[in-house]
Amino acid sequence: MAWCALRSRVLPLPASAATAAAPHGLLLRFLLSAAAPRHAHHHQRRRRVAPTAYAAAAAAAAEEAPLPMTPRFGRATRLLRGPASVARVYADANTQRPKEYWDYESLDIQWGEQDGHEVLRKVGKGKYSEVFEGFRPGSDERCIIKILKPVKKKKALDYCHSRGIMHRDVKPHNIMIDHEKRQLRLIDWGLAEFYHPNMEYNARVASRCYKGPELLVDLLDYDYSLDLWSLGCMFAAMIFRLDPFFSGQDNYDQLVKITEVLGTEDFYEYLDKYGLQLDQQLERLVGRHDRKPWTTFVSDRNIHLLSHEAIDLVDKLLRYDHQERPTAKETMAHPYFNPVRSFESSRKNSQ
């Protein structure tokens with residue numbers, strides 16, 4: 001299967017392309033599609049790495065890794081009067097399931113032979129995988145074995161949300177498309193997390209250009225709607241041909257870029273609703289901005305991709321208040337996707 005990563009800047013197709021292959025067709029397939037179980041490179045033959053080479057590569061990577069940035073100042077403080085935020089849909093998706101479904105910390109893995117290899121020692125682990133040094137009997141060459149923990153196969157976005165899972169890293173590089181088979185997959189579930197009402201989560205998720213405002217102001221009881229903001233950023237980049245649509249130099253500047261488009265009036269209403277008090281230095285950095293009309297971004301380069309329905313959909317997805325964003329199911333029902341539904345209906349009737 002010839003999978004390739006989605007690049008929003010090349011998604012707009014010529015006018016002669018089929019209706020279902022237009023951006024709304026790709027976006028709808030993304031909302032519906034099943035997640036690819038692994039990256040494209042996982043289909044390749046496992047590469048063996050000698051211990052000395054592995055150690056040298058790890059040391060080199062450690063030297064080149066940038067030091068973590070020290071925050072210049074805080075973001076926002078949650079006041080006592082701030083109400084809790086609970087997902088509008090699937091809030092009890094995990095409470096209705098047994099603990100073994102979502103409590104991966106207590107998962108007891110029974111190891112066996114891995115494709116004829118034998119494990120020598122444990123090298124490291126992540127939330128959804130563990131890494132070992134191993135070898136194949138009869139050979140002196142060592143290899144690295146990455147073993148995934150048994151997480152159930154998921155479909156994007158409404159499907160995984162209905163299973164109580166937030167992806168938390170929706171972006172073009174995590175969407176794979178098989179153009180020949182007209183299939184789309186959402187991949188890389190390394191930052192995914194099970195949702196529980198009234199639980200606080202880490203704000204250091206999602207790539208900067210796709211971070212929701214809730215992450216940028218440290219509102220930690222966020223929910224599935226975070227994925228819909230990221231989808232909105234991708235969609236805006238597709239229809240306006242501005243990739244990425246919000247592009248800050250750091251997390252503080254990312255918030256500034258968002259407020260420069262959506263305005264600060266709604267932003268401060270959002271903070272007040274959830275009892276968030278912005279750090280004074282960040283407040284000065286954000287400043288005051290009027291909301292820009294979406295027509296500001298219309299140009300000769302993108303006008304053929306725009307419609308009233310497209311503008312309405314991006315406006316609904318890119319809302320400060322995560323409770324006001326449509327769910328994945330509501331997004332699929334939006335009139336923007338009517339041409340796709342008509343195309344699919346005609347295709348089925350002709351068969």
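The values are calculated or read from the model by the stated rules, or taken from the named source; none is laboratory data. The model shown is predicted, which means the values in this text are computed figures rather than measured ones. For neighbour counting, all protein chains shown are included, and Cβ atoms are generated from backbone atoms with ideal geometry for every residue, glycine included.
Tell me which of these residue 178 doesn't satisfy, since it passes every other one: (1) under 19 Å from residue 212 (Cα atoms); (2) at pLDDT below 85.
Condition not satisfied by residue 178: (1).
When the residues of the range 299-313 are filtered to those that are in contact with a helix residue (DSSP H, G or I) (Cβ under 6 Å, 6 or more places away or on another chain) and not in a loop (DSSP other than H, G, I, E, B), which remaining residue is nearest to residue 242 (Cα to Cα)?
305
Mind listing just one residue for me: the one in the range 237-255 that is more than 19 Å from the chain's Cα centre (by Cα) and not in a helix (DSSP H, G or I) and, of those, surrounded by the fewest Cβ atoms within 10 Å (Cβ to Cβ)?
Filtering the range 237-255 for residues that are more than 19 Å from the chain's Cα centre (by Cα) and not in a helix (DSSP H, G or I), the one surrounded by the fewest Cβ atoms within 10 Å (Cβ to Cβ) comes out as 249.
Right, residue 292: buried (at least 20 other Cβ atoms within 10 Å of the Cβ) and basic (Lys, Arg) or not?
Taking the combined requirement at face value, the residue does not satisfy it.
Hey, can you tell me all the residues within the range 329-347 that are at pLDDT 85 or above, more than 22 Å from the chain's Cα centre (by Cα) and buried (at least 17 other Cβ atoms within 10 Å of the Cβ)?
The answer is 339, and nothing else.
Can you pull out every residue in the range 262-277 that is assigned to a helix (DSSP H, G or I), crowded, with 17+ Cβ neighbours inside 10 Å and touching a residue at least 12 places away in the same chain (Cβ under 8 Å)?
262, 267, 270, 271, listed by residue number.
Considering every residue within the range 68-86, establish whether at least one is assigned to a loop (DSSP other than H, G, I, E, B), surrounded by 13 or more Cβ atoms within 10 Å (Cβ to Cβ), at pLDDT 75 or above and not hydrophobic (A, V, I, L, M, F, W, C).
Yes.
Read through the list (1) loosely packed, with under 11 Cβ neighbours inside 10 Å; (2) at pLDDT 70 or above; (3) within 25 Å of the chain's Cα centre (by Cα), then give the number of the only condition that residue 108 fails.
(3)
For the range 204-219, name all the residues that are surrounded by fewer than 23 Cβ atoms within 10 Å (Cβ to Cβ), touching a residue at least 40 places away in the same chain (Cβ under 8 Å) and within 13 Å of the chain's Cα centre (by Cα).
208, 209
Residue-by-condition table, conditions (1) among the hydrophobic types (A, V, I, L, M, F, W, C); (2) touching a Ser or Thr at 6+ places or on another chain (Cβ under 9 Å); (3) in contact (Cβ under 8 Å) with a residue 12 or more places away in the chain; (4) in a loop (DSSP other than H, G, I, E, B):
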| site | (1), (2), (3), (4) |
| --- | --- |
| 221 | no, yes, yes, yes |
| 228 | yes, yes, yes, no |
| 235 | yes, yes, yes, no |
| 257 | no, yes, no, no |
